[in-house]
Structures are given as structure tokens and as C-alpha cells.
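Since the structure comes first, as C-alpha cells, the remarks are kept for the end.
What follows draws every value from the coordinates through simple rules; no lab data is involved. Remember, it's a predicted structure, so these values are computed and weren't measured experimentally. With ideal geometry, Cβ positions are generated from the backbone for all residues, glycine too; neighbour counts draw on all protein chains shown.
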Amino acid sequence: MKTIKSILTLLVLTLAFSTTSCDNEPIDPAIDLSAGGGSSSVFTAKIDGSNFVADETIGDYTETAIGNQLIIGGLSSSGKTISFQIINPAIGTFPASMESASLNLLQYFDASLGATDGAFSSYNPITDSSIGTVTITSFDTTNNKVSGTFSFEAYNISNSTTKSITNGIFTNIEFDNQVD
């Protein structure tokens, strides 16, 4: 069972990191940047007390065999990523969990540490426990935006180190809605 949970964690991490875009995309000259129509999304947190601010956010809302799944992530230009997966999202608080009925995963990745030493999850297979929460304060499936807060204790299976992710805030994160 622990092997299955570790594999699931890695699959979610892979999905979260595979949806990034190119850094050198040209700006469409037809877009009027002076109109102020930019995104108002915010994704911030503290990682062991240091500030994390996402330069880019991702969001995906899909149907799965165990329920509707919301994946949200914030990516920084320094190669750090925080992401989470919530099953059957709604306004409320969701504890981190590896249970199949409430598979709520929170992850942190630091590319500068490498593929194995940089991958952290709210699930600790040694203690078979998950520590953390995501609180959704706004979940708008009409405009496809979500807001809330999060915090979790992130565990690295390859070297048994931890990272404390606190004061997490996500505001107006847009998501692709494949449910409605």
C-alpha cells in the first residue's frame, strides 16, 4: 500500500510540473497592455520562513474515477513549485490525505535540489500520515477561478528531510474547467 501511495504522489507531481509554458513566448501585438486587463491572480507562501511568490499559476478541474479533481499550482522563476490536488472541491477546509475517498495531496518541488532530493509531499510514507490543509474560500465554476489558503509539512522520501510550507495564499487562480 505504501508503494502505491508513493507512486500516486509522484504521478500527481509529474502532472503538476508538466503543464508549464515556454519562457520566451512573444507578446501578441493585438493585446492592449495599457488597458490593464492583466490577471489578478496571486499565489504566495513561506517555505521554511522564506518568501515564495509564483510567477505563473496553473489550474485544472477534471472528472476522475474517485470524484472531481482540482489541481492548482504556483511556479516561480527560481524553479520552485507548490501544487495541490483536491478531490470534490467546494468552499471549506480539506485536510491532506492519501485515502482514496479523500485524496488531497500537497506538494513542493525545488528543481535546484534535483529530481529526487527536490520532491516533497504532504504524505510521509514512514509514518503513513499527511500533515496540512487547503481551505477554499471561493470556488467559481462560472468564471473558473478559485481562492483560499494552505499550509503543510512537506516530506522528502529520498533523504527524510522536511520543509514547512506556511501562510499559503492563492487568489483568483484560473483553472481549465472540464467538468461543467
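Quick look at the values:
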quantity: For region 73-83, 3J(HN,Hα) per residue [Karplus equation, 6.51 cos²θ - 1.76 cosθ + 1.60, θ = phi - 60°, Hz, x = Gly/Pro]; calculated: x, x, 10, 9, 5, 7, x, 9, 9, 10, 9
quantity: Euclidean distance between Cα centres, region 68-96 to region 144-161, Å; calculated: 8
quantity: Total charge dipole magnitude, region 34-180, about the Cα centre, Cβ charges on Lys, Arg, Asp, Glu only, Debye to nearest 20; calculated: 320
quantity: Positive-end residue, region 32-124 charge dipole about Cα centroid, Cβ charges, pick of SER50, ASN88, THR62; calculated: SER50
quantity: Charge dipole (region 56-180, unit charges on Cβ, about Cα centre) - positive-most of MET98, SER138, ASN124; calculated: ASN124
